[in-house]
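First the structure, in the form of structure tokens, and then the observations on it.
The values are calculated or read from the model by the stated rules, or taken from the named source; none is laboratory data. Nothing here was measured: the structure is a model prediction, and the numbers come from that model. With ideal geometry, Cβ positions are generated from the backbone for all residues, glycine too; neighbour counts draw on all protein chains shown.
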Amino acid sequence: MRLSRYFLPVLKETPSEAQIVSHRLMLRAGMIRQEAAGIYAWLPLGFRVLKKIEQIVREEQNRAGAIELLMPTLQLADLWRESGRYDDYGQEMLRITDRHERELLYGPTNEEMITEIFRAYVRSYKDLPKNLYHIQWKFRDEQRPRFGVMRGREFLMKDAYSFDIDEAAGRHSYNQMFVAYLRTFARMGLKAIPMRAETGPIGGDLSHEFIVLAETGESAVFCDKRVLDLPIPGDETNYDADLSEVVTQWSTLYACTEDVHDPARYEAETKPEDRLETRGIEVGQVFFFGDKYSKPMKAVVAGPDGAERPAQMGSYGVGVSRLLGAIIEASHDDKGIIWPEEVAPFGVAILSLKAGDPAVDAACETAYAALTKAGKEPLYDDTDERAGGKFATADLIGLPWQLIVGPKGIANGEVELKNRRSGERQTLPLDAALKALGA
């Protein structure tokens, strides 16, 4: 992409409403624009990152055996009355009446709808297990939306729902998602710690929140710091095998959100030197709640003995749009964002220090063609902006690499290659720089 043709409305000044780093940097980098309280338009740069994150989530869900579908944003209120949650959910639910006086709601989650879909088609244990997921926009009418996409009212979420014949199978589905989440967040460059958590309005008695440690997080967390060194399951993970050992390894050391924190247990189970008390950002949560929805909604299946029983269910959410904020909170410096390579909107910034100079233009065009062909997604700054402005923009938007092409360097047959994360700079022949970038 050539920057002269792109839409990248960067801001020099920090908007006054931005209270945390991720919100400030997303606004300044031209990634989002607020359209109403807690509701954002996703501008091209932000949208590219959003799609990268969504794809990683999708790949790891598919790898774990989940099946993608798409449910609507609007749901019938009667479904929620059937489960008993319509009046319990509170003012966060946006309730709507259409022209035919039908009561609808803008879905904050989809347990009821997926249960209705499941019961319409599945009758026997022979059709189980099933794990169905979608990536869809949600709405929760937060009383005080703040912190940009970290606590907005409209947000993109991956929510999956498992259906099993009995509790043992249901817990295996829970373990599959637990392991898939460890892998998902690690691919984004995040260390997300699974912590025991309250189940809230979703229900059940088994839940873990996946927490990215950050001082700007919304809640206090308490954990044994040794959990930070546990290994992430690899590509060879067999999701059909017994995964309880992995889950046990990750859930044995103390790690709790403040809602379920037990100070006496914390002191008894952790050594003083291993205690870590900080704040965290929730990026995902997994639940096992058995027949909470299937029983009242009569989502039953026939077992091997022919007797009908409610399906055992779990649900599993990932805050796709919230993850952008979490990644920035975990990966930035005083100059701007530092994107991990797998989620970066572009792989390389090509900075022309003298647009219009024939030798510089030719080198930049060569680099742009080679990097594009190699799938490295270059962003070519071919504008006539001053060099200082180009460096500032490149650092602000945080692409992993900067290829700097100037007249003095080209006269000597060289370009400069900068690693955004380390700040390391190398002066190399253009061919060597392209080779280092994988082109």
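Have a look at Arg95, Arg85 and point out the one that is of a type outside the set (Gly, Ala, Ser), surrounded by 15 or more Cβ atoms within 10 Å (Cβ to Cβ) and either outside any helix (DSSP H, G or I) or not assigned by TED's automatic domain parsing to the domain that holds Pro304 (or both).
Only one candidate qualifies: Arg85.
Scanning segment 383-432 for residues that are buried (at least 16 other Cβ atoms within 10 Å of the Cβ), small (Gly, Ala, Ser) and without any contact (Cβ under 8 Å) to a residue 40 or more places away in the chain yields one hit, Gly409. Of all residues in segment 49-56, one or more are surrounded by fewer than 16 Cβ atoms within 10 Å (Cβ to Cβ), within 26 Å of Val320 (Cβ to Cβ) and of a type outside the set (Ser, Thr, Tyr). Summed over segment 373-390, the residues that are under 24 Å from Ser422 (Cβ atoms) and either in contact with a Leu (Cβ under 7 Å, 6 or more places away or on another chain) or in a loop (DSSP other than H, G, I, E, B) (or both) give a count of 10.
The rows are residues; the columns are (1) surrounded by fewer than 16 Cβ atoms within 10 Å (Cβ to Cβ); (2) aromatic (Phe, Trp, Tyr); (3) out of contact with any Cys (no Cβ under 9 Å at 6 or more places or on another chain).
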position	(1), (2), (3)
Leu213	no, no, no
Ser244	yes, no, yes
Leu253	no, no, no
Arg265	yes, no, no
Thr270	no, no, no
Ile281	no, no, yes
Gly303	yes, no, yes
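Of the residues screened, Glu416 is not one that is out of contact with any Leu (no Cβ under 9 Å at 6 or more places or on another chain) and either under 18 Å from Arg48 (Cβ atoms) or of a type in the set (Asp, Glu) (or both). Annotation: Asp361 fulfils all but one of (1) surrounded by 15 or more Cβ atoms within 10 Å (Cβ to Cβ); (2) within 17 Å of Trp401 (Cα to Cα); (3) of a type outside the set (Lys, Arg); the unmet one is (2). Scanning segment 101-129 for residues that are within 13 Å of Phe163 (Cβ to Cβ) and in a loop (DSSP other than H, G, I, E, B) yields Val122, Arg123, Leu128, Pro129.
In the set (1) under 14 Å from the mean Cα position of the chain (by Cα); (2) in a loop (DSSP other than H, G, I, E, B), the condition left unmet by Arg183 is number (2).
Any chance segment 364-380 includes a residue that's of a type in the set (S, T, N, Q) and within 25 Å of Leu190 (Cα to Cα)? No, segment 364-380 contains no residue that is of a type in the set (S, T, N, Q) and within 25 Å of Leu190 (Cα to Cα).
Here is a yes/no grid of residues against (1) part of a loop (DSSP other than H, G, I, E, B); (2) farther than 13 Å from Gly319 by Cβ:
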| site | (1), (2) |
| --- | --- |
| Asn131 | no, yes |
| Ile135 | no, no |
| Gln143 | yes, yes |
| Tyr161 | no, yes |
| Arg171 | no, yes |
| Asn175 | no, yes |
